[in-house]
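Peer 1: Before we start, here is the structure in question, set down as structure tokens.
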Amino acid sequence: MKTDSTTLQAPPRAKTARLRFPPRRPDPVAITPAPTPAAKSGRRGQTRRRVLAVVKHVCLILLVVVALYPVIWMLVSSLRPDGQIFSNPSIIPTTLHWENYTYGWTALTKPFSTYLVNSLLVVVAAIAGNLITCSMAAYAFARLKFRFQKPAFAFMLVTIMIPIHVVIVPQYILWSQLGLVNTFWPLIIPKFCATDAFFTFLMVQFIRGLPKSLDEAARIDGAGHGQIFFRILLPLMTPALATTTIFTFIWTWNDFFAQMIYLTDPKLYTVSIALRAYIDAQTSSSYGAMFAMSMVSIIPVVLIFIFGQKYLVQGIATTGLK
Amino acid sequence: MSIAELSRMARGRGGPKARQKMPDNKPALVFLGPWLIGAICLMIGPIIASLVLSFTNYNLLQPAKFVGFDNFIRMLSDPRLRKSLEVTSLYVLISVPGQLLAALLLAILLNRGLRGVTIYRAAFYLPSLLGSSVAIAVLWRQVFGAQGLFNAMLGMIGIHTEISWIGDSSTALGTLILLHVWTFGSPMVIFLAGLRQIPTELYEAATTDGANAWQQFKSVTMPLLTPIIFFNLVLAVINSFASFTQAFIVSGGTGAPADSTLFYTLYLYQEGFGSFRMGYASALAWLLVIIVGAATAILFWTSKFWVHYED
């Protein structure tokens, strides 16, 4: 057995690893029957495998329930009167106490719709900024030749790693000198400067995967860089653009740090900041309303998740975005 | 006249070299314009400014005063800084392996030709999208409060307690670690993608050689997965050092109880934006960069010993 494990890492096998066929699932245990031992115990092996699969599914379903329990419980609790929330750990809906929602909607100085609109404004602007400027930068890095290309690209990569906390103090000073604290601009302008280097990198990788002959053919036909970018590459980049859109949406929607620092005027509060204000404003007796508004705040993320799952998974798998 | 000569003539005197050295920068400047402005005004500028500020006292109102190394000297004897470093290291050291282990286990469980993989994957992934939101932090506050869901569950199995897990300084950090582990979905998806890259032939060969499931895992899956583990590890360490929202919401922005959830970034925020000690906050930011940089460097160094690259 020991020799087996060493031969497993022998060079010839390693070479087969490089022959990459279209992605497929390594699936030796569940589908491919093991040659000798299983052939003998044919039917018994099959039932055993079936039992194993059932056990596996039961375990996984249990795990899913555990993992999602808190969120489901929050949903159910948001429809319970306050008195019942604390005593009832079950996720079986008992009441439909919509009053939590109507009360929560108006519990702060502004109706909750104000905060939703504010968040949406910031999110939409951030998406537009990232889509436009990151794709432009990516085109330059992937297809153009220019001076200082290598150091510029390296710097772009480094900015992915730099924690926001290093630059937040000087950035705050900058925005406050410009008189833009308590506006949405400090949250929006950076997105129009391609500061989310993740996405630039994602798109660079994507463009590099597109055949260069496309550009060259267009150039022979007399297309300039603008036309090549807009007419040829951009339409082909849809998956990368979709991933960028979805991640920008979720990150900006969930963002708390930057929004809290720049937005202190209650009428500019985004959903994140408004929820935090709930904690400060309410006593623990109004958990129902707080849960209700928490649910409202995560619904957009859940919707985006449901409809954009394909691009989300692609994005994470290729670049390791969160 | 040969073609080579012709083309040389066409390019003109000294043409080819000059051309090669000076590519046309204009289109690049247009396409990179926004990024360049951002890189200079929002990155390089602030990085330099932050470095300069770390040698000053500045509170936004009065002009900055140069104080030399005072901020850094103060760090040496700052008990809250020491506490925040302890809290953050503990958090990183436990939550990162915990999260990755959960991710790896589930990825392996989900990988073997299971029906409904996409549904499971989606269900496990959802928490990592919600995990950084204020809503979930609000929920966590309730779940681990004195009369929260967690205690109610314990009550159902006969353990009656009124402990506030959030309010007790020995357990508060634990709840935040649990929250981080709960977001195992995103590394899990990366692991799943990595597992799919492992060629089936290797498993077939291993089965022919008589290797059982555990041996296959040990000798095929694990070695080929180490680059992905490493990638996830680096990402997770960097991300968890920067954790902020959850500790802020759960502790009400204070790091309470008894500074037991005083994450480094939370302390930085308090110094910079609570007390407006911008100079000290900048110095703290640089210490964070050094720590994260060192942690990453150490990880890269250790990778020689355990990350298996095929070549």
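The values are calculated or read from the model by the stated rules, or taken from the named source; none is laboratory data. Model, not experiment: these values are computed from the prediction. Don't worry about glycine lacking a Cβ; one is built from the backbone with ideal geometry, like all the others, and counts go over all protein chains shown. Ligands, DNA and RNA are stripped out before the accessible areas are found, and what is left, the full protein with its side chains, is counted by its heavy atoms. Shrake-Rupley method; radii C 1.70, N 1.55, O 1.52, S 1.80 Å.
Peer 1: For region A:119-171, which residues satisfy the criterion of being part of a helix (DSSP H, G or I), closer than 24 Å to B:TYR280 by Cα, under 26 Å from the mean Cα position of the chain (by Cα) and not aliphatic (A, V, I, L, M)?
Peer 2: A:THR159, A:HIS165, A:GLN171
Peer 1: Pairs under 7 Å by beta carbon, first residue closer than 16 Å to A:LEU63 by Cα in region B:113-135, partner modelled with pLDDT under 90 and not in a helix (DSSP H, G or I), six or more apart or different chains?
Peer 2: If the second residue must be modelled with pLDDT under 90 and not in a helix (DSSP H, G or I), the pairs left are B:SER128/A:LYS322.
Peer 1: If a residue must be assigned to a helix (DSSP H, G or I) and of a type in the set (Ser, Thr, Tyr), how many such residues does region B:41-88 contain?
Peer 2: 3
Peer 1: In addition: Is one or more of the residues making up region B:222-230 buried (at least 21 other Cβ atoms within 10 Å of the Cβ) and either among the small types (Gly, Ala, Ser) or at positive phi (or both)?
Peer 2: no
Peer 1: For B:GLU271, only one of the following conditions fails: (1) in contact (Cβ under 8 Å) with a residue 60 or more places away in the chain; (2) charged (D, E, K, R); (3) under 24 Å from B:ALA172 (Cα atoms). What is its number?
Peer 2: Only one criterion is unmet by B:GLU271, namely (1).
Peer 1: Could I ask something else about it? Out of B:ALA242, B:ALA236, B:ALA247, B:ALA258, I need the residue that is under 17 Å from the mean Cα position of the chain (by Cα) and open to solvent by 30 Å² or more (accessible area, probe 1.4 Å). Which one?
Peer 2: Among B:ALA242, B:ALA236, B:ALA247, B:ALA258, only B:ALA242 is under 17 Å from the mean Cα position of the chain (by Cα) and open to solvent by 30 Å² or more (accessible area, probe 1.4 Å).
Peer 1: Hey, any hits in region A:104-115 for a residue that's part of a loop (DSSP other than H, G, I, E, B), surrounded by fewer than 20 Cβ atoms within 10 Å (Cβ to Cβ), within 11 Å of chain B (Cβ to nearest Cβ) and among the basic types (Lys, Arg)?
Peer 2: No, because not a single residue in region A:104-115 is part of a loop (DSSP other than H, G, I, E, B), surrounded by fewer than 20 Cβ atoms within 10 Å (Cβ to Cβ), within 11 Å of chain B (Cβ to nearest Cβ) and among the basic types (Lys, Arg).
Peer 1: I'd like the full set of residues that are open to solvent by 10 Å² or more (accessible area, probe 1.4 Å) and not in a helix (DSSP H, G or I), limited to region B:261-282.
Peer 2: B:SER275, B:PHE276, B:ARG277
Peer 1: Please work out which residue is surrounded by the most Cβ atoms within 10 Å (Cβ to Cβ), limiting yourself to region B:283-303 and to residues that are free of Cβ contacts under 8 Å to residues at least 40 places away in the same chain and within 10 Å of chain A (Cβ to nearest Cβ).
Peer 2: B:VAL289
Peer 1: Residue by residue through region B:192-250, note down the ones that are of a type in the set (D, E, K, R) and in contact (Cβ under 8 Å) with a residue 40 or more places away in the chain.
Peer 2: B:ARG196
Rundown of residues vs (1) touching a residue at least 24 places away in the same chain (Cβ under 8 Å); (2) in a helix (DSSP H, G or I); (3) crowded, with 19+ Cβ neighbours inside 10 Å, yes/no style:
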site	(1), (2), (3)
A:LEU202	yes, yes, yes
A:PHE206	yes, yes, yes
A:ARG231	no, yes, no
A:ILE246	yes, yes, yes
A:MET260	no, yes, yes
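Peer 1: Considering each of B:GLN142, B:GLN99 in turn, give the residue that is surrounded by 15 or more Cβ atoms within 10 Å (Cβ to Cβ) and modelled with pLDDT under 90.
Peer 2: Criteria check complete, one pass: B:GLN142.
Peer 1: With a cut-off of at least 3 residues that are within 18 Å of B:VAL96 (Cα to Cα) and at the interface with chain A (Cβ under 7 Å from one of its Cβ atoms), name the helices (runs of 4 or more DSSP H) lying wholly within region B:182-249.
Peer 2: B:185-196, B:222-241
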